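Heads up: the structure comes next, in structure tokens.
The values are calculated or read from the model by the stated rules, or taken from the named source; none is laboratory data. Not measured: the values here are computed from a predicted model. With ideal geometry, Cβ positions are generated from the backbone for all residues, glycine too; neighbour counts draw on all protein chains shown.
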Amino acid sequence: MGSIPTPRTKICPLLSYNKHMQIVVDDLLTSYELQGKGKLVLLLHGWGDSAKGLKDLAGQLAKQHQVVALDLPGFGATQAPKEVWNLDNYGQFVAAFLAKLELGQPYAVVGHSNGGALAVRAIALQALEPQKLVLLAASGVRTGSKVKRAVLKVLAKTGSVATLWMPERYRQGLRKSLYGVAGSDMLVAPQLQETFKKTVRQDVQRSAATITVPTLLIYAADDKAVPVSDGQIYHKLIKNSRLEIIADSEHFVHLDQPEKVFALIKEFLA
């Protein structure tokens, strides 16, 4: 097993942020934030998180860009999908969301953890067609170790509610049950049990190999949920990619080392 890590560095004070706005997309009431001016940057959070988890990063990016961050279906203030979804469904939903807001294709997509896997799959499907891609501790490399298969088997049989590798402030009220080895993002919403199981089985390595846009990979040296080796695999698969490994940080690298992460993204998007 193992203890759930918390950020080891002080998180910078939260920047001012817009109130939640809502829109109906594919019959789902969807919550989102839109701020800033300039080229559009789309932020995609990980499993069990919400746009709130990318709040500080969004505020920083909004100084130079227009930034949109949505609560994906089933998380935050957005309604859960009525059927079992996989990454393909989430990718098509995000495309429909952008179309509904008439925002067009984003200049860049930034995806954390499962949001990174979602971005990779959506780009491969041409649901998203950004000019640049940033993957923060992105999951989606499902190589299938015996431990991972065992955890998935347990989930399939019990539907256990588990928590992901989240900072303490995001884990209030969540059960601490399973070690994060099912691809970093564990089941935290009971109604999404089947969607979770379907999502964590979806390997996006073949999709990654089709990506040609410039890609910045940012991984945390001490991440026990998504190891640096996953970033190295993505780096080999995505031809036009650059890998940065951040010391003294864990899975929520953008919260552990906000200044370093933002500086890398700012330079990359310039």
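Candidates are the residues of segment 205-254 that are of a type in the set (Gly, Ala, Ser) and in contact with a strand residue (DSSP E or B) (Cβ under 7 Å, 6 or more places away or on another chain); the one that is farthest from Gly53 (Cα to Cα) is Ser241. In this structure, does Gly76 turn out to be farther than 28 Å from Ile233 by Cβ and at pLDDT below 95? Spelling it out, Gly76 is indeed farther than 28 Å from Ile233 by Cβ and at pLDDT below 95. If you go through segment 59-94 and keep only what is closer than 17 Å to Phe262 by Cβ and out of contact with any Leu (no Cβ under 6 Å at 6 or more places or on another chain), you end up with Gln60, Leu61, Ala62, Lys63, Gln64, His65. Has segment 155-171 got any residue that is modelled with pLDDT under 95, among the small types (Gly, Ala, Ser) and in a helix (DSSP H, G or I)? Within segment 155-171, one or more residues are modelled with pLDDT under 95, among the small types (Gly, Ala, Ser) and in a helix (DSSP H, G or I). Give segment 56-74 a look and list any residue that's over 14 Å from Phe93 (Cα atoms) and in contact with a strand residue (DSSP E or B) (Cβ under 8 Å, 6 or more places away or on another chain), or say none. Matches in segment 56-74: Leu57, Ala58, Gly59, Leu61, Ala62, His65, Gln66, Val67, Val68. Across segment 1-52, the qualifying residues are those that are surrounded by 14 or more Cβ atoms within 10 Å (Cβ to Cβ) and among the basic types (Lys, Arg), and the one among them that is modelled with the lowest pLDDT is Lys52.
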